[in-house]
């Protein structure tokens, strides 16, 4: 019998769902990692996993509802911040995303949560892309945390970093960083979409987003460099 991972890869929802019922928490996390966020959102028992899946789908209001009664933590704060950012990108109206992201970064530092600190650094860098040198400084924290852990840099952070480097005139460096992000990113992930946009490969970015059910909202911060816009 095929494994759950094989069924997810082939898109066999009915068979995958049967196996997922045996361990829905593991199934949701695996499904999200393999780029099937709609399935992950439906199966998740952990509100943080469900929120992450809904963010990929571009459903910020549902994210905020999911997290409304979740215990306070840096990881929840980062997810809320990105939900506010998506709301802002969708509406064009200020939602306090930057302030929320900075507060989430501070909370992650206090809690000593390396993963949340890296995610917050990536989000802060994205929010600061109109000021590329400020974005570089924000992203540097995420790189430093990974280095201290002896881990590879987060692929999404690297993809954002490529755009910041391009914004400061370092096109060759930006291309190398984007390629590094692609080599490390999970299939059908936002990191791959953002990295392809940094390389100017719009068709690839669109194909990756479609395959991974990734909302066009993920591309809007990079709209100066691509033609992906929310429908």
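If you line up the long axis of helix 74-91 against the longest principal axis of the chain, both from Cα atoms, how many degrees apart are they, to the nearest 10?
Around 80 degrees separate the two axes.
Relative to the longest principal Cα axis of the chain, at what angle does helix 171-184 sit, 0 to 90 degrees, rounded to 10?
The two axes meet at around 20 degrees.
State the extension gain, in nm to one decimal, for the chain segment bounded by residue 175 and residue 12, taking 0.36 nm per residue of separation less the distance between their alpha-carbons.
Computed gain between residue 175 and residue 12 is 55.1 nm.
Using the 10 angstrom Cβ neighbour count as an exposure proxy, how do 98, 210, 144 rank, fewest first?
Final ranking by Cβ density, sparse to dense: 210, 144, 98.
Using only Cα atoms, tell me the angle between helix 202-211 and the longest principal axis of the chain; keep it within 0 to 90° and round to the nearest 10.
Tilt relative to the chain: about 30 degrees.
Gaussian network model of the chain, Cα springs within a sub-10 Å range: biggest mean-square fluctuation belongs to which of 15, 122, 41?
Answer for the Gaussian network model of the chain: 15.
Residue 149 versus residue 109, label points 7 Å from Cα toward the beta carbon: distance in nm?
Modelled inter-label distance: 1.8 nm.
Would you look at the GNM of the chain, springs on alpha carbons closer than 10 Å, and say which of 137, 56, 80 moves the most?
Of the options given, 137 has the highest mean-square fluctuation.
What is the range 41-95 by shape, rounded, prolate or oblate, if you read a ≥ b ≥ c off the alpha carbon gyration tensor as root eigenvalues and call it rounded for a/c under 1.5, prolate for a/b larger than b/c, and oblate otherwise?
Because a/c hits 1.5 or more and a/b fails to exceed b/c, the range 41-95 counts as oblate.
Please report the relative contact order for the chain, taking Cα pairs under 8 Å with a sequence separation of at least 6, and give it as a percent rounded to a whole number.
Computed value for the chain: 15 percent relative contact order.
Within 10 Å of each residue's Cβ, count the other Cβ atoms and sort 70, 117, 168 from fewest upward.
Ascending number of Cβ neighbours within 10 Å: 168, 70, 117.
Taking 41 Å as R0, compute the FRET efficiency from the Cβ-Cβ separation of residue 210 and residue 131 and round it to 0.05.
With R0 = 41 Å, the Cβ-Cβ based efficiency is 0.85.
I need the fraction of alpha carbon pairs in the range 58-151 separated by more than 15 Å, rounded to a whole percent.
Cα-Cα pairs of the range 58-151 separated by over 15 Å account for 59 percent.
Name the residue, out of 43, 85, 218, whose mean-square fluctuation peaks in a Gaussian network model built on the chain with Cα pairs under 10 Å.
Sorting by GNM fluctuation, first place goes to 43.
Tell me whether the range 153-231 comes out rounded, prolate or oblate; compute the Cα gyration tensor, take square roots of the eigenvalues as a ≥ b ≥ c, and use a/c under 1.5 as the rounded threshold.
Oblate.
We did not get these values from a lab; they are worked out from the coordinates using the rules stated. Nothing here was measured: the structure is a model prediction, and the numbers come from that model. Every residue, glycine among them, receives a Cβ derived from its backbone with ideal geometry; neighbour counts consider all protein chains shown.
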